[in-house]
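First up is the structure itself, then whatever we jot down about it.
Taken together, the values in this text are just the output of simple stated rules run on the coordinates, not laboratory data. Just so you know, these numbers come straight off a predicted model, no measurement behind them. Cβ sites come from the backbone with ideal geometry, for glycine too, and all protein chains shown count toward neighbours.
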Amino acid sequence: MPPTPEQPRLTPQFCFNQTALRDFLRLSRTAIDDTINQHLNALATPGSTPFDPATTAERQPRPIGRRQLPQQACQTFKDKILFPSWQTRSDVLNYCAGVATSPEPDDPDHLLCESEDARARERLVDERLDPYSARYLPRDTRAESLAGLIRNERMVENIIRATTWSLIGERCENETQDSGQALNEWRRRNDTTAEINPVQAATTAALGRDR
C-alpha cells in the first residue's frame, strides 16, 4: 500500500499551484480510501482463533474476506489512520478555499479581467450589424479558477468518504452511518480544532501576499 503523504506547507502559492494541490489529494486518497479493502484485510489476524472442525458442517454467514473484524483493531485504524487522513485533506481544502476568496489586487489576471470588463461595458454594439461582436466571455481569474477546483474536489471528497465508510461498515461496527458525523465525533473526542477557518485562511493568505 502506498505511504500516506504528509500535509504540505499551507501557503497561497501551494493552493494556486493546482497541479501540486491535485497531486496531494490524489496521493492521499490512493494511500487510504482507494486501498481501503487492503487496509481492512491487514487488520485481520489469521490463526488467532483456534480451528473448530464443527464449523465445516455449518454454512458460513459471509465469505472469509468479509468476516467481521476485531472492533478494537477497527477503532484504532479509524482513529489513527482514517480520520487523520480525512482531517488533513479537509484542512488543505478549507485553507485553499479561504485563499480563493481573499482579494488579489496584484494578480495580473485580475487586472486584465477588470480592464476587459470595463471595455465590454463601454462598448456600444449594434447587434443587427454585427451580432458576433456582442459575444464577450469574461475570463476567470486564478482565484476563481481555484474556487471552482475546490468546489469540485469537495464533492469528490464527499463521495469518496461515503464509499469508504460504507466499505468499513461491512467489516467493522460503525458508530454512525454518516461519515461526516463520524469525523466530527472523532474531532470532539480528540479535542481537535474542527477545521481550518476559511476566513482565517483568507486573512493569512492576504498577509502572505503583502510580504
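So between THR163 and ARG22, what do we pick up on full extension, going 0.36 nm a residue minus the alpha carbon distance?
Full-extension gain reported as 48.8 nm.
Take each of the peptides 67-77, 9-19, average the number of other beta-carbon atoms within 10 Å over its residues, and list them starting from the highest.
9-19, 67-77
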